[in-house]
1. Considering only segment 238-277, how many residues are part of a loop (DSSP other than H, G, I, E, B), small (Gly, Ala, Ser) and at pLDDT 90 or above?
2. Identify all residues within segment 37-53 that are part of a loop (DSSP other than H, G, I, E, B) and surrounded by fewer than 17 Cβ atoms within 10 Å (Cβ to Cβ); write none if there are none.
3. Condition first: out of contact with any Leu (no Cβ under 7 Å at 6 or more places or on another chain) and among the hydrophobic types (A, V, I, L, M, F, W, C). Now tell me which residues in segment 34-52 satisfy that.
4. Does Gly284 satisfy being touching a strand residue (DSSP E or B) at 6+ places or on another chain (Cβ under 7 Å) and closer than 14 Å to Asp42 by Cα?
5. Consider only pairs whose beta carbons are under 8 Å apart and that are at least six residues apart or on different chains; among these, list those whose first residue lies in segment 324-347 and is of a type outside the set (D, E, K, R) and whose second residue is part of a helix (DSSP H, G or I).
6. Just for segment 212-242: of the residues that are out of contact with any Asp or Glu (no Cβ under 8 Å at 6 or more places or on another chain) and hydroxyl-bearing (Ser, Thr, Tyr), which one is surrounded by the fewest Cβ atoms within 10 Å (Cβ to Cβ)?
7. Are any residues in segment 314-347 over 25 Å from Ile292 (Cβ atoms), over 30 Å from the mean Cα position of the chain (by Cα) and not polar (S, T, N, Q), and if so, which ones?
8. Restricting to segment 54-99, name every residue that is of a type in the set (Ser, Thr, Tyr), more than 26 Å from the chain's Cα centre (by Cα) and not in a loop (DSSP other than H, G, I, E, B).
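The values are calculated or read from the model by the stated rules, or taken from the named source; none is laboratory data. Every value quoted in this text rests on a predicted model; they were computed, and no experiment measured them. Glycine gets a Cβ as well: all are built from the backbone with ideal geometry, and neighbour counts include every protein chain shown.
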Amino acid sequence: MTTETKKKNKVIPIILGVLIIIGAIFGTREYIYYSKHVDTDDAQIDGDISPVVARVGGYVQDINFEENTMVKEGDVLVKLDDRDYKVKVEQAEAGQVGANAGVGVSQSQIIATQANTSTAKANIDAARVKLNLAQKDYARYANLVKDGSITQQQFDQAKAEKESAEAAFKAATDQYTAALKQVGTTQSQLAVSNSGVTQRQSDVDFAKLQLSYTDVKAPATGIVSKKNIQKGQLIAAGQALFSIVNENSIYVTANFKETQLEDITPGQKVKIEVDAYPNDEVIGEVYNFAPITGAKGSLLPPDNATGNFVKVVQRIPVKIKITKAQKDILAKLRPGMSVKVSVSIKD
């Protein structure tokens, strides 16, 4: 055996030993790491997206934004042609004026009928006085006619005056009762007129509300996306116009295997690595868990009772809040970006 062969025989065991040591170190590090962490690359950036829908129809008059730009809550982003809605407001206000006039007429009628009631009451008092006088004359003449002090004609005249006074008193009483009923009727008419005013006020409020909807405002502060309209376009009520990705609503949705969830609990620290920006540090924490698996929440969920069953590990969406990140990286994150997350399950 030559010297060179002896050297080769010594080098090979050394190389094998080094490889074994490196493998042991790597395996130990991986074991230690995965005993304290749960990872998945089935994760993406998510965010609250507010769809903006037209509440009334009309022609698009102005568009005050550009797609993929920042807008503030309350900004008027789209202006619809509002001439039709202004006419409806004017019509509703005209109806309200008419209803108010009807209330004034009803109030005047109440005053007039109350005056008639007072007159009818006075007529009753006057008729009562005449009736009392006629009854006394009749009683006196009845005694006088018995002893012949007066003629039968005088007695008959007193009797006729008494009956006439009784009829006049009854007529005055009936007139007073009718006047009271007329007051009640006019008061009911006033109540109807007041309800008409309330209805007309509701019509005015509704017309003004419809008019206000011609100004399509931003429901939240964020970035406009998915613009689906053009100037001059006729849109219908309920039509989607665009969406707004809400500012400061960015979070991560990580789809962990069901076998990984045993050690994951809310509040645990999470390291987030964004594929687009791997060198930027982003830290979060586990917030909550979805109530169903991703497959169960799909459009066509699987039904294991319909055929041969093959067990497949399911995934549960887990929401992760971002707690620490550089300001510039947060501004660059967009819903749908791929990320890798690592949950620290042990300190």
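1. Looking only at that region, the number is 3.
2. Answer for segment 37-53, where residues must be part of a loop (DSSP other than H, G, I, E, B) and surrounded by fewer than 17 Cβ atoms within 10 Å (Cβ to Cβ): just Asp48.
3. Val38, Ala43, Ile49
4. no
5. If the second residue must be part of a helix (DSSP H, G or I), the pairs left are Ser344/Lys36; Ile345/Lys36; Ile345/Asp263.
6. The residue in question is Ser212.
7. Matches in segment 314-347: Lys324, Ala325, Lys327, Asp328, Ile329, Leu330, Ala331, Lys332, Leu333, Lys346, Asp347.
8. Result: no residue meets the conditions.
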